[in-house]
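> Can you keep this structure in mind? I'll have questions shortly.
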Amino acid sequence: MPNPETSDRHKPSARRGREPVRARPSARAPVARGVFGDGAVPQKQVEQAPQPEPTTGKRPKPATEGAVLVTGVCGRLGKLLVRELHRTDRVVGVDRRPFADRPKDIVHHQVDMRRKKMKDIFRGRDIRAVVHLGVLHDPRRSDRDRHSWNIVAFQKLLDYMAQYEVPKLVVLSGANVYGPQANNPQFLTEDAPLLGAQHFGGMRDLVELDMLAQSFFWKHPNTETVVLRPCHIVGRVHNAASNYLRLERPVQVMGFDPMMQLVHEKDVVHAIELALRPGVRGIFNIRGPGEMPLSHLIRKAGGRPRLVPSPLAKVALDQLWKLRLSNFPSQELDHLRYVCMVDDSRARTELGYEPAHSIDRVLRDVRRLRYQMA
Amino acid sequence: MAQGGSIVPFAGWRRLRLLGESPVRQALRSVGDRVVRLAEDVVGQDLDARIAGIRTHLNEVGHDPFGFDPETSRYALAVAALLHRRYFRTQVFGINRVPQDRVLIVANHSGQLPLDAVMIGSAMMLDADPPRFPRSMVETWTAELPFISTLYPRLGQVLGSPENARRLLRQEESLIVFPEGARGISKTYDQRYQLTDFGLGFMRLALETGTPIVPVAVIGGEEQYPSIADFKPLARLLKMPAFPVMPQMFFGMIAPLPTKYRLYFGEPFRFKGDPDDDDSAIEEKVWLVKSTIQSMVNRGLRERKGVFI
């Protein structure tokens with residue numbers, strides 16, 4: 001148990017009690033926080049109004065009380081997120097990796113999330129929200145590694161959150177937890193069963209992570225838990241979907257051409273920012289600018305599909321995997337065969353989310369990295 | 001899917017353009033265009049105008065979210081029009097009874113291959129005015145079949161799941177439903193024109209979305225591929241719902257027999273009630289639809305003079 005003074009300080013009720021008396025000369029974010037109940041007020045409007053010259057001179061002082069803790073901050077998405085967040089909030093980053101080019105006002109802790117040090121981070125300061133991005137996706141790592149990183153570390157994080165009564169948790173899951181299945185409806189809603197691990201054991205811990213977040217949602221009603229399930233995140237990030245679209249001759253399974261959704265990484269960052277507003281809770285599917293057949297996407301990205309029959313593709317991919325020539329597990333071929341698309345109407349109505357990047361922009365950003373590499 | 005071109009075995013082969021598909025595509029397109037022109041001459045209707053008249057709900061990038069592709073459908077409509085007008089010489093009765101808004105078209109299923117859906121679809125596209133583009137709900141196992149799983153969505157077919165149907169009906173589209181499913185289509189010849197059990201899902205859907213149901217009787221489908229038996233072990237092996245034994249195949253006749261199709265569209269039903277009612281209450285309503293279709297089928301059989309005329 002923490003000592004009474006510290007724990008009392010962290011109680012959301014105590015903080016909320018102070019709120020009306022607070023005078024805010026800078027009045028940037030907190031005004032926004034106050035009115036944002038319904039989710040209809042766009043954030044930009046409030047950001048622009050009070051301070052017309054934020055680009056030059058000193059950066060505005062973080063106006064909110066309490067910091068936002070971002071795990072896995074050194075990933076591409078984490079970096080993008082904190083670069084947006086640190087303008088309005090105090091940001092604490094946690095990652096095992098060093099964060100060399102970080103903005104100066106971000107406090108970075110280079111720790112393993114499973115270590116005791118994590119507790120000190122919570123104990124030392126007032127944390128108003130936790131954004132969990134520190135999920136290990138690397139299919140080359142052993143099951144044990146992934147389990148201990150994704151599940152054990154996340155459980156510890158949840159324990160600390162409960163102990164210090166952090167009022168907000170945002171978890172980035174993914175539409176992959178639904179899994180591509182032949183009998184999927186064209187659009188999966190948030191209530192659809194999480195069958196991602198049914199044919200692909202590597203997804204097991206990601207499904208479990210999602211489940212853990214859901215059970216935390218029910219066990220701790222004082223914490224607003226948000227689970228985001230975006231479709232394939234692409235952009236200048238190095239993940240399977242982006243790498244696949246960057247190939248000049250990507251393999252397409254012969255006779256299959258499923259509809260596919262992509263979302264730009266910055267749209268996901270925007271969704272996380274929206275999810276951080278007080279009053280938002282629940283599970284939200286995040287969808288990009290529209291769905292297209294896979295072959296159209298490949299061609300639009302500048303590639304030419306290489307058609308391979310499904311059994312041959314599986315055998316070949318297994319061999320390439322074994323020889324470490326490819327980093328795609330053959331079970332992921334199901335993504336190239338069956339639909340796994342999400343319905344984002346909840347995110348649009350309740351979160352106020354709207355993808356800002358068009359499909360051309362998304363694919364241009366994916367492609368840009370290929371040309372840089374070449 | 002290996003990284004980079006150089007380490008992929010035989011990557012240089014593409015220079016031989018053996019796998020290059022653009023000449024193949026071009027050839028297919030020219031053949032397709034020829035078929036479309038032929039069909040337009042035979043049918044005497046502008047098929048492209050009919051396709052252009054389809055109202056679908058496109059997404060932000062201009063694609064139908066369910067994968068409907070007008071380019072592919074053009075060829076399919078040409079083939080369907082030839083089958084409809086020349087091969088099966090389909091007679092259509094009462095097509096103007098189909099409402100303009102959302103509608104469920106419920107029909108008897110027959111004939112081993114779903115040509116009855118093709119006939120209803122082409123009747124709606126060619127005979128209805130303005131043309132209606134019906135989507136049919138297909139078995140989920142078709143999504144596992146290569147090529148079929150690509151072709152069906154491009155023609156506007158949708159996997160049979162309640163979520164998909166709900167979404168389409170909310171968009172005021174028309175859906176063809178065969179509540180008998182695989183049981184109906186793989187009937188043997190001795191059970192022809194006897195409706196098997198209807199599923200209840202379509203009725204719950206109609207009640208939930210307030211959709212009128214148009215009963216349709218299809219005559220002529222049962223004789224296109226007479227089946228004398230269902231070879232179950234092979235069906236299980238191939239993971240198909242049934243493996244019909246069709247004598248005409250032994251004589252090398254792969255095409256369906258040129259029976260004469262007759263489609264009877266009935267008056268639409270408008271049911272009211274609780275979609276989550278007990279099965280027994282839903283069954284009563286389903287029974288009403290089923291018996292109507294059965295009596296329409298019986299009347300159609302009485303009226304026809306022969307299978308092929």
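Read-outs throughout are calculated quantities, based only on the coordinates presented, and are distinct from any laboratory measurement. As the structure is a prediction and not an experimental result, all values here were calculated from the model. All Cβ positions, even for glycine, are placed from backbone atoms using ideal geometry, and neighbour counts span all protein chains on display.
> Would you give the gap between the C-alpha center of region B:188-206 and the C-alpha center of region A:201-275, rounded to a whole Å?
When both Cα centres are located, 41 Å separates them.
> Right, another one. Where in chain B are the DSSP H helices whose alpha-carbon span along the long axis reaches 20 Å or more and whose Kyte-Doolittle mean is at least -0.5?
The answer, listed by residue number, is B:22-43, B:279-303.
> Next up: So if I place +1 on the C-beta of Lys and Arg and -1 on the C-beta of Asp and Glu, and nothing else carries charge, what would the dipole magnitude of the protein assembly as shown be about its Cα centre? I want it in debye, nearest 20.
2580
> Starting from a Cα-only point model with no solvent, please compute log10 I(q)/I(0) by Debye for region B:252-309 at q = 0.23, 0.31 1/Å.
Log10 of I(q)/I(0), two decimals: -0.96, -1.25.
> How crowded by other chains is A:245-256, given as the mean number of beta carbons from other chains within 10 Å of each beta carbon?
Shielding by partners across A:245-256 averages 4.
> Would you mind telling me the antiparallel percentage of the DSSP bridges in chain B, rounded to 5?
That works out to approximately 30 percent antiparallel.
> For A:Gly282, enumerate residues with amide H under 5 Å from its amide H, sequence gap 5+ or separate chain, H modeled in the peptide plane.
A:Thr225, A:Val226, A:Val227
> List the lysines whose Cα lies under 26 Å from the Cα of B:Lys239, skipping any in the same chain that are fewer than 8 positions away.
By straight Cα distance, B:Lys239 reaches A:Lys314, B:Lys187.
> Quick one: Kirkwood hydrodynamic radius for region B:88-303, alpha-carbon pairs, angstrom, one decimal?
Every distinct Cα pair counted, the radius reaches 17.8 Å.
> Order of B:Ser22, A:Ser326, B:Ser136 from fewest to most other C-beta atoms within 10 Å?
The order, fewest Cβ neighbours first, is B:Ser22, A:Ser326, B:Ser136.
> Please report A:His109, A:His137, A:His238 as a ranked list, fewest other C-beta atoms within 10 angstrom at the top and most at the bottom.
So the residues, fewest neighbours to most, are A:His238, A:His137, A:His109.
> Using only Cα atoms, what Kirkwood radius does region A:136-263 have, in angstroms?
Evaluated on region A:136-263, it is 16.4 Å.
> Kirkwood-based Rg over Rh for region B:145-247 (C-alpha set), two decimals?
Rg/Rh: 1.00.
> Please identify the longest segment of chain B free of exposed trypsin sites (Lys or Arg not before Pro), where exposed means a DSSP state other than H, G, I, E or B and no more than 16 other Cβ atoms within 10 Å.
B:90-191
> With the Cα gyration tensor of the protein assembly as shown in hand, convert its eigenvalues to equivalent ellipsoid semi-axes via √(5λ) and list them largest first in whole Å.
Semi-axis lengths for the protein assembly as shown are 54, 29, 23 Å.
> Let me ask something else. Given the options A:His147, B:His57, A:Leu351, identify the residue whose Cα lies farthest towards the positive end of the charge dipole of the protein assembly as shown (+1 on Cβ of Lys, Arg; -1 on Cβ of Asp, Glu).
A:His147
> Give the residue list of GluC sites (Glu not before Pro) in region B:152-204 that are DSSP loop and have at most 15 other beta-carbon atoms within 10 angstrom.
Here the GluC sites (Glu not before Pro) that fit, given the DSSP loop and packing criteria, are B:Glu172.
> Output needed: percent of Cα pairs per 10 Å distance bin for region A:256-360, bins running from 0 to the one holding the longest distance.
13, 34, 28, 19, 6, 0
> Under a 5 Å amide H to amide H cut-off, with H placed in plane at 1.01 Å, what residues pair with A:Val251 once short-range neighbours are removed?
HN-HN under 5 Å from A:Val251: A:Arg306.
> So for B:Phe308, A:Phe122, fewest C-beta neighbours within 10 Å to most, what's the order?
B:Phe308, A:Phe122
> In region B:88-303, with Lys and Arg counted as +1 and Asp and Glu as -1 at Cβ, which of these residues, B:Gly220, B:Ser174, B:Thr292, has the Cα nearest the positive end of the dipole, that is, farthest along it?
Towards the positive end, the residue furthest out is B:Gly220.
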